[in-house]
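Here is the structure we will look at, set down as structure tokens.
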Ligand code: UDP
Ligand code: MN
């Protein structure tokens, strides 16, 4: 009797708790979702004009998804109103209480709290902010979310109709990490176990690139033991005893792997349903294909998923990754599930384990981060393989707010880019030097020993970069007649440089000289001056220094449009001489304004002269 009464008491208490937790969850997620949607729409409407077309397309497609979410959330909201009047009352009561006691926002400027964190106590805010600074994402929230949380299935519905052979190859999944939060790694593992058919998943290999984070030591080992009790032999871990960088971490994972196919992922991912089958089927069909999933974004602050539209993985002349439009040949197939030919990968990849080894894995001479994806891509294409994005394979990847392993990546990005250029890009390598504003001779940058990679290129009998541009990546447009580049300075004051100025003004200015590419200038033998970051691709125009023919101000105009409209974009110039517009005969000069600051003007020439930082092959004469 006594027992029964206690049982019903416990039951009653339990039930109350469950209801309370549910109410809290409903209230909490709704608030977060609304904030997320409104915030992201507001952000999307402030499209920076400097973004290249691809980014704009991507942003617009996000906007579309956001609007869809908004519509759905409003619909849900109306349904809730009808269905749960009691719940509504509880929620508005909770809102009132919140209004009564507003929490002081301790970090109003932190990106972590722009869309998240309302109602946290000061101690909680501090804890969340500390974790955010350490990891670059919201570890406080990650630690509360279930490891097996659901994420939206972002595949096109036609992917669900696909069927696959019952005899697919086996899969090793490699997760590399450096100071990642434990809950993030465990969620990645959980998603892989839950969303990969167990008969296909041979192993998950963790590669720790010398993390210092304590929880990734004994505690992670303990977790691995537990997984292996449940799934014998599934998890393995490799530990680097010094930092080797991401290329070597990925290579270490591949070398330890034993399955037919390797999928090499970051540890801050959640794979989506049905992700593995398209990879295995495609690689079974053709062992020389390196494939990339389509990525969705896990927001670093709210952990909400943002769906990304299918796109091609490309890169610019800095060899920095970007998304490009889908190829016409693919669109004409009218099959949204068909693999998309892609010039590059973003980083994450899957491949036939042996083929990846034969072709040279990743270049272990790449330091820290960056460049290794383009190096592999050029090698694969130029040496007989291909790269494809698989529309039905979706992996959610957390784009960190900042990286825990480096504050400024530009030095190593530049260094690794030069390594790629020197090994693979033949006579086109100058474009990489131009884009990074590095002198062609005596760059002072040590890109390491490339002899073994050059030997590999010979051994594999690879095609030229010219072949790659023509057959794989015609969007990139090399420029052949640049004769001077770098900072453009007037001899009156060498502390100021020509600068593209605020992007929406289309008006170049003189500005204190700095390192950023907004002060890059490229002079062509044909007379154009490109100003700002080098673009040199098919869908976006570089911006040309233009004399509008009236007033004092020079302008920046999209070059090919300006050329078509006969705007005055051609200038006579040689280092140490005047910059004279060929059509208007006016000179680009500087004039002190009333406050003593130099302004850029177009005027009748007064014999001012300019210098440009680097010259190419003796001004094109050899
Ligand atoms: N990484 C590594 N060693 C390093 C730098 C990076 O193992 O020295 C790993 C990192 O932990 C991550 C992967 O390389 O799993 C890719 O880096 P990240 O996620 O920072 O790049 P993103 O995905 O933002 O391009
Ligand atoms: Mn990553």
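Every number in this text was worked out from the coordinates using simple rules, so none of it is lab data. Since the structure is predicted, the reported quantities are computational estimates derived from the model, not experimental observations. Cβ coordinates were reconstructed from backbone atoms using ideal geometry, including for glycine residues, and neighbour counts include every protein chain displayed.
Some points to look at:
- Options 179, 138; residue that is on the phi > 0 side of the Ramachandran plot, surrounded by 15 or more Cβ atoms within 10 Å (Cβ to Cβ) and under 21 Å from the mean Cα position of the chain (by Cα): 179
- Screening the candidates 417, 421, 435, 396 for the property of being within 16 Å of ligand 2 (Cβ to nearest atom) and crowded, with 24+ Cβ neighbours inside 10 Å yields one hit, 396.
- Highlighted here are the helices (runs of 4 or more DSSP H) found entirely within the stretch 116-195 that include at least 3 residues which are closer than 30 Å to residue 391 by Cβ: 182-195.
- Test result for residue 368, surrounded by 19 or more Cβ atoms within 10 Å (Cβ to Cβ) and touching a strand residue (DSSP E or B) at 6+ places or on another chain (Cβ under 6 Å): no
- Boolean, residue 387 is under 12 Å from residue 290 (Cα atoms), within 16 Å of ligand 2 (Cβ to nearest atom) and under 20 Å from the mean Cα position of the chain (by Cα): no
- One residue from 279, 264 being in contact with a strand residue (DSSP E or B) (Cβ under 8 Å, 6 or more places away or on another chain), within 18 Å of residue 192 (Cα to Cα) and within 16 Å of ligand 1 (Cβ to nearest atom): 264
- Across the stretch 404-414, the number of residues qualifying as away from ligand 2 (no atom under 16 Å from the Cβ) and in contact (Cβ under 8 Å) with a residue 24 or more places away in the chain comes to 1.
- Screening the stretch 372-417 for residues that are within 12 Å of ligand 1 (Cβ to nearest atom) and part of a helix (DSSP H, G or I) and picking the one that is farthest from residue 440 (Cα to Cα) gives 373.
- You will find that of 354, 362, 326, the residue that is within 16 Å of ligand 2 (Cβ to nearest atom) and closer than 23 Å to residue 384 by Cα is 362 and no other.
- Taking the criterion of being more than 16 Å from ligand 1 (Cβ to nearest atom) and in a loop (DSSP other than H, G, I, E, B), the residues of the stretch 334-368 that qualify are 334, 335, 336, 337, 338, 339, 342, 343, 359, 360.
- Looking across the stretch 200-258, the residues that are surrounded by fewer than 13 Cβ atoms within 10 Å (Cβ to Cβ) and more than 22 Å from residue 171 (Cα to Cα) come down to 212, 214, 218, 219, 221, 222, 241, 242.
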